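Down below is the structure, laid out as structure tokens.
The values are calculated or read from the model by the stated rules, or taken from the named source; none is laboratory data. These figures come from a predicted structure and were not determined experimentally. Methodologically, a virtual Cβ is constructed for each residue, glycine included, from the backbone with ideal geometry; neighbour enumeration extends over all protein chains shown.
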Amino acid sequence: MARTRTNFQVQALYVSTSPATGTMFSYGPTGVPTYILSEATGYLGSTGIATSNAVFQSQLTTGIYQLNRIQSAGYNFSVSRTPVQQFGQLNAIDYVIMNSPVAALNFNYIQSSLWNEKKLGLVCDGSVGALSGILNKTEDEKNYFLLTDPEGQDAVGNLTSNSNVAVMGIGNGFMTSYSTQGSVGNFPTVSVNVEGLNMSFQSTRSGITPALNPVNGRVWNVTNSNGTFPFRYVIPAAATDIGTGNLAISALRPGDITVTLYKRDAEGEGILTNATGVFDVPGVMISDAKIQSYNIGFDLSREAIQQLGSRFAISREPNFPVSISMSLEAIVGDLTTGNLSDIINCDDAYDITVKLNKPQTCTDFSNVTIAQYNIRNAKFNGVSYSDSIGSNRSASLNFTSEIGGPSTTTAGLFISGIYSN
């Protein structure tokens, strides 16, 4: 039966582990593949590891994981063409693709834990910068899959049919931006943008991975004793929650979010021992202001690395420096005294922490931190005030820090919280 429409009910978004090349299976909660592919033919097989072939089992290193609480997703691709012209002819004789096409994906989700951040490749234990895995290439290139199940059927729990299923895949995908925002009256949300080398459309829950060999522009293959076969994927059924306990929280809430600022020492090597958390730049007093919203983000623009003999870019490397931006919107209470010149003379740096705690219940008053964003060595960029009839005086403050190397611990963005059971 032809599909009349596609709505959010039938869709689920997934991401693979790094690297993007390889055979990708759906992993169950114990880490054991839920489904397996035959080494010889690539068909969908039975539960558990179905082969004892050591070479084949060594490929069971990459999985596909559902991203949770997705609210929106969009995707597109663009192809740039160069005209071939010559003397004696007005119109171009051809339009040739000279540069790698770009397959783009953007999505937004409600934050309920750091599960999504961890699967997207960000370091979430707070020990090193959040982008350390991307910088050292242990977590960067991934595949993304948007599953569409049959019309009228919830994607959650559906694994009964492999017909009338559609899977859009982004191959060799690289994160290009990440932002998290929260405000009074709204759930905290995250927005992510991805750019990849390939976009595929398949009509089955299991198929050939969208990852390409950039040299020849074809799908990656594996060669073993039975011949040469393309790398394949298997997508699991979607689930309401990706875990139990803290990973089953429906959503984090604005009433459980706190924002603090602490002054760093002159060299930016640590927080001053007498820091009180009061933002003492002349103007708005953070300790008395009523913070309404925050926004933290970075743009990880990518340079396509080309080489002769390759049809596609062999890699998409980040352009440095990479800045971390932070903005706060607040209803102003008291103002602090001072002069603009104090900012120039002192030029202080700050540690800014946004902490999202577990929602409390009538029986659970624990103060568990589910997600925490810490911007270290942030510089104050300015403040703008707004006054109007019928509205409270408001202020918008802006800060900037910069991503350091994988081992830098005094500057950049650090994320910590709950990302597994």
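Inclusion of PHE298 among residues that are surrounded by fewer than 17 Cβ atoms within 10 Å (Cβ to Cβ), at pLDDT 80 or above and among the aromatic types (Phe, Trp, Tyr) is not warranted. The residue list SER206, SER179, SER200 contains one member that is in contact with a Gly (Cβ under 6 Å, 6 or more places away or on another chain), surrounded by fewer than 22 Cβ atoms within 10 Å (Cβ to Cβ) and over 30 Å from PRO359 (Cα atoms), which is SER200.
Checked across the range 159-169, the condition of being in contact (Cβ under 8 Å) with a residue 24 or more places away in the chain, at negative phi, in contact with an Asp or Glu (Cβ under 9 Å, 6 or more places away or on another chain) and surrounded by 22 or more Cβ atoms within 10 Å (Cβ to Cβ) holds for no residue. Taking residues in the range 103-115 that are at negative phi and of a type in the set (D, E, K, R), and partners anywhere that are part of a loop (DSSP other than H, G, I, E, B) and modelled with pLDDT under 95, not one pair has Cβ atoms closer than 7 Å while being at least 6 places apart or on different chains.
Can you name the residue in the range 355-383 that is modelled with pLDDT under 90 and loosely packed, with under 14 Cβ neighbours inside 10 Å and, of all such residues, is farthest from GLY182 (Cα to Cα)? Of everything passing the filter in the range 355-383, THR363 is farthest from GLY182 (Cα to Cα).
Under the condition of being surrounded by fewer than 21 Cβ atoms within 10 Å (Cβ to Cβ) and among the hydroxyl-bearing types (Ser, Thr, Tyr), which residue from the range 110-141 is farthest from LEU308 (Cα to Cα)? Among them, the one singled out is SER127. Within the range 386-398, being surrounded by fewer than 21 Cβ atoms within 10 Å (Cβ to Cβ), closer than 30 Å to PRO321 by Cα and not small (Gly, Ala, Ser) holds for one residue alone: ASN398. Could you please find all residues in the range 106-122 being out of contact with any Pro (no Cβ under 8 Å at 6 or more places or on another chain) and assigned to a strand (DSSP E or B)? Correct list: ASN106, PHE107, ASN108, TYR109.
I'd like to check something: does the range 319-335 contain any residue that is free of Cβ contacts under 8 Å to residues at least 60 places away in the same chain and surrounded by 19 or more Cβ atoms within 10 Å (Cβ to Cβ)? Scanning the range 319-335 turns up no residue that is free of Cβ contacts under 8 Å to residues at least 60 places away in the same chain and surrounded by 19 or more Cβ atoms within 10 Å (Cβ to Cβ).
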